[in-house]
Amino acid sequence: MTLDQIANIVEILGVVAVISAIVFGWLQIRQHRSETRNAALIALASSFEDKEFTDAYRLITSLDKSISLEELSGRGEAYEQAALRIGMKFETIGLMIYKGYVPIDALEDLVGGAALALWEVLHQYVTDMRIDRGHPSFMEWFQWLVDRLRERGKGDRLPAYDAHKSWQSK
């Protein structure tokens, strides 16, 4: 074997090594993104088990749809705090979905229906707060999230117990 042939083989091996490193790096990045999304989704799911959130959920869902700022404020501080807790939770979730940290389909399955129901109660309160406080971006990501869920037809979907009743473990 000549020196030129050896040099060609070494050059080919170098190219193969570089391509292999690029492919390996790409696979590592995909795995890291998947793990990050899974961790974010698990943390998100766990956050709904928080006592303060469940108490806030219970209070807000006991209200009539489209409650105004005046009506909600008349219910007392516990209701105002509950509305803010719910709003801030879904603000965070909306932004996390927009930024790509949490896939919308997973959130949709987890609490999409709750988000829509809570927005039905709070949307007038949010509108009133925006006007009253001169803060047009108040709970903007909550509204954005609800709009995306509606676009995806979340309100028209069957509940999981019907939609997946024929599911079997693999």
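The values are calculated or read from the model by the stated rules, or taken from the named source; none is laboratory data. This one's a predicted model, so the numbers in the text were calculated from it and none came from an experiment. Because the Cβ atoms are built from the backbone with ideal geometry, glycine has one as well, and the counts that use them run over all protein chains shown.
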Inset, instruction - For segment 147-158, indicate whether the set of residues that are of a type outside the set (D, E, K, R), closer than 17 Å to Ala106 by Cβ, modelled with pLDDT of 85 or more and surrounded by 11 or more Cβ atoms within 10 Å (Cβ to Cβ) is non-empty. - result: yes
Inset, instruction - Give segment 124-146 a look and list any residue that's surrounded by 18 or more Cβ atoms within 10 Å (Cβ to Cβ) and farther than 19 Å from Ile67 by Cα, or say none. - result: Trp141, Leu145
Legend entry - Residue within segment 135-142 that is in the same structural domain as Lys65 (by TED's automatic domain parsing), touching a helix residue (DSSP H, G or I) at 6+ places or on another chain (Cβ under 9 Å) and under 19 Å from Leu59 (Cα atoms) present: yes
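Okay, residues lined up against (1) in contact with a Lys or Arg (Cβ under 7 Å, 6 or more places away or on another chain); (2) of a type in the set (Lys, Arg); (3) within 17 Å of Met96 (Cα to Cα); (4) without any contact (Cβ under 8 Å) to a residue 24 or more places away in the chain:
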| site | (1), (2), (3), (4) |
| --- | --- |
| Asp132 | no, no, no, no |
| Gln143 | no, no, yes, no |
| Leu149 | no, no, yes, no |
| Arg152 | no, yes, no, no |
| Ala160 | no, no, no, no |
Legend entry - Which numbered condition Leu122 fails, given (1) outside the structural domain of Pro103 (by TED's automatic domain parsing); (2) under 20 Å from the mean Cα position of the chain (by Cα): (1)
